[in-house]
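A short write-up of the structure that comes next.
The values are calculated or read from the model by the stated rules, or taken from the named source; none is laboratory data. Source: prediction; values computed, not measured. All Cβ positions, glycine included, derive from the backbone under ideal geometry; neighbour counts span all protein chains shown.
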Ligand code: MTE
Ligand code: HPA
Ligand code: MOS
């Protein structure tokens, strides 16, 4: 089935936040933020801004009726700064005016006096000074000290990866409107409608029942709207609370880049020990996560780094220590992979380092240490359904790794100023929210009396195609044509207490809840048929909009059946609830079974480096991916291609830079480059491997949202190889992104 949104997107008819028709009298908001990365506010002068014609109100912390607090995990983040500011771009006030342009004009007239304090932008420096978001978190397995003593080879080094701007096409925003009796409806571009509702109620000092949050769809989220859509929604709602008029707040691209957090940069020290026959025996890492100025989701992101520190390899003895370091940058947040990619980059860097020293190909080490079913992860879960060795041999038989290696070797012999490199990138990514209670969802299904169906779930459509999957589940359950099914907006009054659309688990969680609701309705309808035809309920089924008995179509249509059931006063509405079974985690021992299952895959990346310019082009990326039993191959293929290219961007082109004063330098699309049509690999081949899937995956169709991003890590190590082919003595730091500038410095 095609993505149900494709027509709307291509014709421009799909509705995003800014397309929602505005109500007469709507006011517009602009956020005034700190020009300083750290300091004490001495005074703010709003008088000139307030005097501007059309300015209705400037909201500050003084206007907050409830708590000035939006921290999701720790209460350490003010909505609007009171005394101290902790990063450039931290919101201080909200100008509300008759038009957007007046609001922006007024914002420029605000004058502030700040007593500057010391600015820290580096994670290690923060850690040295004791600036931590929380105590370090440590995973341990086996006996590391003993293991070092039996290692034949030990290598130590440092690896760092930079942040990444989400660059969702639709910037952050919200539109809040007053309802009667002080109730407020917020349309928000959020992955977490309940997060917005809960935080808004707290700040406005009202009950969650007074706030309705509605989401049509997002023009991308990528994690950036899991937590960080919340402040803008609350600001708009505060405007409604005080002025009793609709308020719209949409960030400009530059405000969005400056005010919101990004993927966490990490700097890490690793030590890896191998046996004589290249088995990894021991691995120790210290991860320094740059959290920014508040916790936001950093503690959970840090956890996922630890969970994925050994990627797709079995390592029996580990000690993994992670520091979440508080700096004067915007609070960094969820980004596709959620800290997993940062952990995986380090083990890949360690293996590449070891291979260089041992003068062997990295893939020999990778293959030798691939995870197998029955192996234990450092956090105690036993790996199940591992197909990595099969994927490896499939890839080898399709593309002949030896031939690839020879072809590249020959090319490099024949060419002086053009060098090729290749890499392999296996992945193992855990599916489930690492916080067990978040793994639950609900779905509300109405069968209308004419036989059409309306579905509400907690899932937010953000381009990943989850609505299409939900529609498929309902249509196939009832055996009716998909055009009889409508996906409603995601709304907190229809589906409450939702987890955000995140962790790649949305289709699994909401799909399972939906399936339960549909199954309950089916039972009632089958019962109605069974009585009428005097047959057993098990003999009844629905297909092609008809009632079947003993797999033979009857005269009775789906519509007639629904009509009959309604007249019999059968309930045609159902709420399904699902909570993932089995999973658990003990924070005391740091052991458990946090993931429902893992997704596996393998990518082969080939690059050509121009050794005069330092530029590079990717010749091909060939992927073998474990889909389980994909319920929608074209949607899933789209996720693989998009995730891959986004990951490659993080590893190559995308360079976030702040100056020492904590000012974002890469704050425009001219200074921050993401992959475009010219930067993508010339060839992307994705071979779907159909595996058993998992009972906990929806219809055994494995989650696909985040895992493919990590194929992009292969890009880094392919470039590394090509540079070494030109200059075998290159002193290359393991520091992503591998920009053309870094390539050039490596070449010469
Ligand atoms: N794909 C598109 N087109 N747009 C997005 O914002 N977000 C990614 C991924 N794929 C995203 C996307 C992220 S970060 C996650 S966690 C998953 O989609 C969330 O959706 P899912 O749980 O339905 O896979
Ligand atoms: N993944 C994504 N988002 C999350 C998670 C997670 O594991 N935990 C909390 N938010
Ligand atoms: Mo995705 S980073 O879990 O929103």
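Could you say whether any residue in the stretch 500-511 is more than 16 Å from ligand 2 (Cβ to nearest atom) and either crowded, with 24+ Cβ neighbours inside 10 Å or on the phi > 0 side of the Ramachandran plot (or both)? Spell out how you get there, then give the answer.
Going through the stretch 500-511, the residues more than 16 Å from ligand 2 (Cβ to nearest atom) turn out to be 511.
Among the residues that remain, those that are also either crowded, with 24+ Cβ neighbours inside 10 Å or on the phi > 0 side of the Ramachandran plot (or both) are: 511.
The answer is yes, given that some residue of the stretch 500-511 is more than 16 Å from ligand 2 (Cβ to nearest atom) and either crowded, with 24+ Cβ neighbours inside 10 Å or on the phi > 0 side of the Ramachandran plot (or both).
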Given the conditions (1) away from ligand 2 (no atom under 16 Å from the Cβ); (2) in a helix (DSSP H, G or I); (3) closer than 20 Å to residue 626 by Cα, every one holds for residue 710 apart from (1)
The residue from 475, 428 that alone is more than 24 Å from residue 220 (Cα to Cα) and assigned to a helix (DSSP H, G or I) is 475
Considering the stretch 477-495, residues that are more than 28 Å from the chain's Cα centre (by Cα) and surrounded by fewer than 17 Cβ atoms within 10 Å (Cβ to Cβ), and then whichever is nearest to ligand 1 (Cβ to nearest atom), we arrive at 482
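Report whether or not residue 420 is over 22 Å from the mean Cα position of the chain (by Cα), farther than 30 Å from residue 569 by Cβ and assigned to a strand (DSSP E or B). I'd like the intermediate steps shown before the answer.
Values: over 22 Å from the mean Cα position of the chain (by Cα): yes; farther than 30 Å from residue 569 by Cβ: yes; assigned to a strand (DSSP E or B): yes.
Yes.
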The one condition residue 302 fails out of (1) assigned to a strand (DSSP E or B); (2) closer than 30 Å to residue 79 by Cβ is (1)
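Based on what the data block shows, is residue 57 assigned to a helix (DSSP H, G or I), more than 28 Å from the chain's Cα centre (by Cα) and at pLDDT 95 or above?
On the way: assigned to a helix (DSSP H, G or I): no; more than 28 Å from the chain's Cα centre (by Cα): yes; at pLDDT 95 or above: yes.
Judged against the criteria, residue 57 is not a match.
Which of the residues belonging to the stretch 496-513 are touching a helix residue (DSSP H, G or I) at 6+ places or on another chain (Cβ under 8 Å) and more than 13 Å from ligand 1 (Cβ to nearest atom)? Explain how you work it out, then say what you get.
First pass over the stretch 496-513, keeping only residues touching a helix residue (DSSP H, G or I) at 6+ places or on another chain (Cβ under 8 Å): 496-501, 503-504, 506-508, 510-512.
Answer for the stretch 496-513, where residues must be touching a helix residue (DSSP H, G or I) at 6+ places or on another chain (Cβ under 8 Å) and more than 13 Å from ligand 1 (Cβ to nearest atom): 496, 497.
Being more than 20 Å from the chain's Cα centre (by Cα), modelled with pLDDT of 95 or more, more than 16 Å from ligand 1 (Cβ to nearest atom) and under 15 Å from residue 717 (Cβ atoms) is the requirement here; does residue 322 meet it?
Values: more than 20 Å from the chain's Cα centre (by Cα): yes; modelled with pLDDT of 95 or more: yes; more than 16 Å from ligand 1 (Cβ to nearest atom): yes; under 15 Å from residue 717 (Cβ atoms): no.
Criteria not met by residue 322.
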Note: among 273, 337, just one is crowded, with 24+ Cβ neighbours inside 10 Å, within 16 Å of ligand 3 (Cβ to nearest atom) and outside the structural domain of residue 224 (by TED's automatic domain parsing), namely 337
Across (1) more than 16 Å from ligand 2 (Cβ to nearest atom); (2) surrounded by 14 or more Cβ atoms within 10 Å (Cβ to Cβ), residue 544 clears everything bar (2)
(1) in the same structural domain as residue 714 (by TED's automatic domain parsing); (2) crowded, with 23+ Cβ neighbours inside 10 Å; (3) more than 16 Å from ligand 3 (Cβ to nearest atom) all hold for residue 418 apart from (2)
When (1) closer than 17 Å to residue 267 by Cα; (2) surrounded by fewer than 24 Cβ atoms within 10 Å (Cβ to Cβ); (3) out of contact with any strand residue (DSSP E or B) (no Cβ under 8 Å at 6 or more places or on another chain) are applied to residue 361, the one that fails is (1)
Flagged in the stretch 635-654 as within 16 Å of ligand 2 (Cβ to nearest atom) and either in the same structural domain as residue 470 (by TED's automatic domain parsing) or not in a helix (DSSP H, G or I) (or both), in numbering order, are none
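Here's the yes/no breakdown for (1) outside any loop (DSSP other than H, G, I, E, B); (2) closer than 14 Å to residue 171 by Cβ; (3) touching a residue at least 24 places away in the same chain (Cβ under 8 Å); (4) more than 16 Å from ligand 3 (Cβ to nearest atom):
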{"position": "194", "(1), (2), (3), (4)": "yes, no, yes, no"}
{"position": "199", "(1), (2), (3), (4)": "yes, no, yes, yes"}
{"position": "202", "(1), (2), (3), (4)": "yes, no, yes, yes"}
{"position": "225", "(1), (2), (3), (4)": "no, yes, yes, no"}
{"position": "231", "(1), (2), (3), (4)": "yes, yes, yes, yes"}
{"position": "234", "(1), (2), (3), (4)": "yes, no, yes, yes"}
{"position": "238", "(1), (2), (3), (4)": "yes, no, yes, yes"}
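Within the stretch 218-229, how many residues are at positive phi and either surrounded by fewer than 24 Cβ atoms within 10 Å (Cβ to Cβ) or more than 8 Å from ligand 1 (Cβ to nearest atom) (or both)? Reasoning before the result, please.
Taking the stretch 218-229 and keeping what is at positive phi, we get 220, 222-223.
Now drop any that are not either surrounded by fewer than 24 Cβ atoms within 10 Å (Cβ to Cβ) or more than 8 Å from ligand 1 (Cβ to nearest atom) (or both), which leaves 220.
Count: 1.
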Of the residues in the stretch 435-455 that are surrounded by 22 or more Cβ atoms within 10 Å (Cβ to Cβ) and either without any contact (Cβ under 8 Å) to a residue 40 or more places away in the chain or within 16 Å of ligand 2 (Cβ to nearest atom) (or both), the one that is nearest to residue 362 (Cα to Cα) is 439
- Task: Can you confirm whether the stretch 17-26 contains a residue that is touching a residue at least 24 places away in the same chain (Cβ under 8 Å), closer than 28 Å to residue 490 by Cβ, in a helix (DSSP H, G or I) and not assigned by TED's automatic domain parsing to the domain that holds residue 297?
- Result: yes
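Which fully enclosed strands (runs of 3 or more DSSP E) of the stretch 80-161 have 3 or more residues being surrounded by fewer than 22 Cβ atoms within 10 Å (Cβ to Cβ) and touching a residue at least 60 places away in the same chain (Cβ under 8 Å)?
Details: elements: 91-97, 111-116, 137-141, 153-161.
Of the strands (runs of 3 or more DSSP E) lying wholly inside the stretch 80-161, those with at least 3 residues that are surrounded by fewer than 22 Cβ atoms within 10 Å (Cβ to Cβ) and touching a residue at least 60 places away in the same chain (Cβ under 8 Å) span 111-116, 137-141, 153-161.
Looking at the stretch 285-312, which of its residues are over 27 Å from residue 228 (Cβ atoms) and surrounded by 22 or more Cβ atoms within 10 Å (Cβ to Cβ)? Before the answer, list the steps.
Here is the first cut: in the stretch 285-312, the ones over 27 Å from residue 228 (Cβ atoms) are 285-286, 310-312.
Residues satisfying the conditions are 285, 310, 311, 312.
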